[in-house]
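Down below is the structure, laid out as structure tokens.
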Amino acid sequence: MDYLDLNVKAANFNKMKVITKRKVNYQILSQEILTELRGGLSQRELSQLLGFSFNQVGKWESGATKIKWNDFLLICEKLNVPLTNYFSYYFNRPIETIDLNNISSSILASFSTVDLNNKDVLKILKKWAAHKSQIYLIDFLKILDSYPSSLFAWLMLFVDCSKIDSIKQQYNHFNNCMDAVADNPLLIYVNAALKVNEYQMLKEHDELILAKHACIQVSHLKKSLNILLDLGIIHYDGKKYHPCKFDFSFSNLKHRKLRKFHKYCTVLAGDGYPLTPMPIDTYRDVNISSTSSRVNAISKEASDKIGKLIAKFHNEVTDVIQNDHGIKNNVQIILLHSFSSCLLNNIDTQKLIDLCDTDKLPK
């Protein structure tokens, strides 16, 4: 995972960079995934289940032969791994749009899954789409790993990543980042604020400017910066702080530890959006901002259409962000929630209403 692709001199940052940038051996990873999937079955038992008269699984797990994508699909089918369901969940797309035999089309339609600005990745995917090259599991893993959190977001759906030795250190760092964000959602805002031009142009650190763009109190800023430094996500050159190359990305990751971040963003929007027009000078400096909420009874067909629109929205927004080479004026907070109310039956709605009492909010 390329969290930290920066040339810096800070010792602590370099220490963490060694851990997170250690190259994953995708061949060994594919072997370990197979071992984890077969569980208590022996190599020969799984080979027979797959229709082989010899120990093909032993060849795969030893690295004598590579696992083709079609082999992987067959393995998952025989082991009752609901891969189509997992990919529907992973890509945030209706299940009928997932074609496991043409997986490149789903990846190419999902900007937030892989780094489509990576020419090598794009070249491989286009070859797959044109059926000009064989797809191997190791290539698929490598492509997912081109974008932060994507590889783990996918693997965590059906294997225990903590049991896979080849990615143990990267997975531990990933979990440390998740724990940090779960405990302090402001970390994401601080890293983004470090990229804003007003701070980038400074010769020395200015906590007031950074706190303004991070939407954080100055008293909380130092703590957040120290956590990010300890994780090796940002670095300090002796004068000012520098951000991680990538933004935090959780678009295809559903995880309990992210609930606090999502809740914080939603509450921030509900509590803080302005109710009166701002001075004209402010509009020149602040990006376009708006907020809206909809609650409607709709059909399954309408819901599917909206789901496709949301997937398209996320893809196009990600494409715009990834190709944004202009001066960063502000940190933009983009919220979009869409879910069925019946999923929330256990929620204490009266408690939520009391918490949302407008008398307690800023005027």
Are there any pairs with C-beta distances below 6 angstrom linking a residue in the range 68-96 that is touching a residue at least 12 places away in the same chain (Cβ under 8 Å) to a residue that is among the acidic types (Asp, Glu) and surrounded by fewer than 18 Cβ atoms within 10 Å (Cβ to Cβ), with the two at least 6 apart or on different chains, and if so which?
Pro94/Asp304
Only one of (1) touching a residue at least 60 places away in the same chain (Cβ under 8 Å); (2) more than 19 Å from the chain's Cα centre (by Cα); (3) assigned to a loop (DSSP other than H, G, I, E, B) does not apply to Leu116, and that is (2)
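Residue by residue, here is whether (1) surrounded by fewer than 17 Cβ atoms within 10 Å (Cβ to Cβ); (2) within 23 Å of Gln27 (Cα to Cα); (3) touching a Pro at 6+ places or on another chain (Cβ under 7 Å); (4) among the polar types (S, T, N, Q) holds:
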residue: Ile75; (1), (2), (3), (4): no, yes, no, no
residue: Asn92; (1), (2), (3), (4): no, no, no, yes
residue: Thr97; (1), (2), (3), (4): yes, no, no, yes
residue: Asn101; (1), (2), (3), (4): yes, yes, no, yes
residue: Leu108; (1), (2), (3), (4): no, no, no, no
residue: Lys119; (1), (2), (3), (4): yes, yes, no, no
residue: Lys127; (1), (2), (3), (4): yes, yes, no, no
residue: His131; (1), (2), (3), (4): yes, yes, no, no
Based on what the data block shows, is Ile310 in a loop (DSSP other than H, G, I, E, B), surrounded by 10 or more Cβ atoms within 10 Å (Cβ to Cβ) and at pLDDT 75 or above?
no
Consider only pairs whose beta carbons are under 6 Å apart and that are at least six residues apart or on different chains; among these, list those whose first residue lies in the range 297-312 and is more than 16 Å from Leu336 (Cβ to Cβ) and whose second residue is of a type outside the set (Ser, Thr, Tyr).
Asp304/Pro94
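Looking only at the range 160-171, decide whether some residue is free of Cβ contacts under 8 Å to residues at least 60 places away in the same chain and charged (D, E, K, R). Before the answer, list the steps.
Step one: list which residues in the range 160-171 are free of Cβ contacts under 8 Å to residues at least 60 places away in the same chain, which gives 161-162, 168, 171.
Then keep just the ones that are charged (D, E, K, R); that gives 168.
Yes, the range 160-171 contains at least one residue that is free of Cβ contacts under 8 Å to residues at least 60 places away in the same chain and charged (D, E, K, R).
Matching residues to (1) out of contact with any strand residue (DSSP E or B) (no Cβ under 8 Å at 6 or more places or on another chain); (2) outside the structural domain of Tyr89 (by TED's automatic domain parsing):
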residue	(1), (2)
Ala109	yes, no
Leu122	yes, no
Ala130	yes, no
Gln134	no, no
Leu137	no, no
Met156	yes, yes
Ser162	yes, yes
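Condition test on Asn287, is it touching a Phe, Trp or Tyr at 6+ places or on another chain (Cβ under 7 Å), closer than 30 Å to Phe91 by Cα and either modelled with pLDDT under 90 or surrounded by 15 or more Cβ atoms within 10 Å (Cβ to Cβ) (or both)?
Answer is no for this residue.
Output yes when any residue across the range 271-279 is in a helix (DSSP H, G or I), modelled with pLDDT of 80 or more and either under 26 Å from Leu157 (Cα atoms) or in contact with a Pro (Cβ under 7 Å, 6 or more places away or on another chain) (or both), and no when none is. First the steps, then the outcome.
Of the range 271-279, the ones in a helix (DSSP H, G or I) are 271-272.
Filter once more, keeping what is modelled with pLDDT of 80 or more: none.
Checked the range 271-279: no residue is in a helix (DSSP H, G or I), modelled with pLDDT of 80 or more and either under 26 Å from Leu157 (Cα atoms) or in contact with a Pro (Cβ under 7 Å, 6 or more places away or on another chain) (or both).
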Please enumerate the residues belonging to the range 114-145 that are under 23 Å from Ile167 (Cα atoms) and of a type in the set (S, T, N, Q).
Asn118
When you check Leu100 against the structure, is it touching a Leu at 6+ places or on another chain (Cβ under 6 Å), not polar (S, T, N, Q) and not assigned by TED's automatic domain parsing to the domain that holds Asn315, yes or no?
yes
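Suppose we keep only residues that are among the polar types (S, T, N, Q) and over 12 Å from Leu228 (Cα atoms) within the range 151-195. Which one would you say is nearest to the chain's Cα centre (by Cα)?
Quick first cut of the range 151-195, residues among the polar types (S, T, N, Q) only: 162, 166, 169-170, 172, 175-176, 184, 191.
Now restrict to residues that are over 12 Å from Leu228 (Cα atoms): 162, 166, 169-170, 172, 175.
Numbers: Ser162: 19, Ser166: 21, Gln169: 18, Gln170: 15, Asn172: 16, Asn175: 13 Å.
The extreme case among them is Asn175.
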Within the range 29-60, the count of residues that are surrounded by 15 or more Cβ atoms within 10 Å (Cβ to Cβ) and among the hydroxyl-bearing types (Ser, Thr, Tyr) comes to 3
Among (1) closer than 18 Å to Met156 by Cβ; (2) among the aliphatic types (A, V, I, L, M); (3) more than 27 Å from the chain's Cα centre (by Cα), Leu83 falls short only on (3)
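Filter the range 221-243 down to the residues that are of a type in the set (A, V, I, L, M), modelled with pLDDT of 90 or more and within 21 Å of the chain's Cα centre (by Cα) and list them by number. So that I can check it myself, show each step before the final result.
To start, the set of residues in the range 221-243 that are of a type in the set (A, V, I, L, M) comprises 221, 225, 227-229, 231, 233-234.
Next, from what is left, pick out any that are modelled with pLDDT of 90 or more: 221, 225, 227-229, 234.
Once the filter is applied, which keeps residues that are of a type in the set (A, V, I, L, M), modelled with pLDDT of 90 or more and within 21 Å of the chain's Cα centre (by Cα), the range 221-243 yields Ile227, Leu228, Leu229, Ile234.
The values are calculated or read from the model by the stated rules, or taken from the named source; none is laboratory data. If you're wondering where the values come from, they're calculated on a predicted model, not measured in any experiment. Cβ: placed from backbone, ideal geometry, glycine included. Neighbour counts: every protein chain shown.
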